[in-house]
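Encoded as structure tokens, the structure appears first; notes follow it.
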């Protein structure tokens, strides 16, 4: 069971996300029906830690084995979506593919769970400010390279 709770007029999400960078490009996932992208990852399951979540989610979504190589930080993210208030706690880790061949991938990766609307794209880190990445504070976090961070974000 995912750590998502409805509390009063808020939805509480506990999530984990991966920063994977190859050849100065960062991997993001994008719902082709939306105008934004985000880091790959997902909701933490009860009894699971954030590192286990990332490894599980990436394996489920794109079929790749990963390892955690660092901790970037935590974002307490407050936002509204579909007329619902969210409080999201997001743990962000630096991640790497285990397989050496996977480290050479530079093309769009498709979701293997049957979610045809999800694509995984590589974005140029030097142009990070040009992309609509959520939460928006990620751009400054990634640009600063000053880890770990704890950010309280209101989008």
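What follows is calculated from the coordinates using simple rules that are stated; it is not laboratory data. No experiment lies behind these values; they were computed from the predicted model shown. Please note: Cβ atoms are built from the backbone with ideal geometry, for glycine as well, and neighbour counts cover all protein chains shown.
Figures for the structure shown
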read-out: Filtered residue count, the stretch 142-155, keeping only those that are over 13 Å from the mean Cα position of the chain (by Cα), part of a helix (DSSP H, G or I) and under 13 Å from residue 19 (Cα atoms); value: 1
read-out: Filter pass, residue 14 being touching a residue at least 60 places away in the same chain (Cβ under 8 Å) and either surrounded by 14 or more Cβ atoms within 10 Å (Cβ to Cβ) or closer than 14 Å to residue 97 by Cα (or both); value: yes
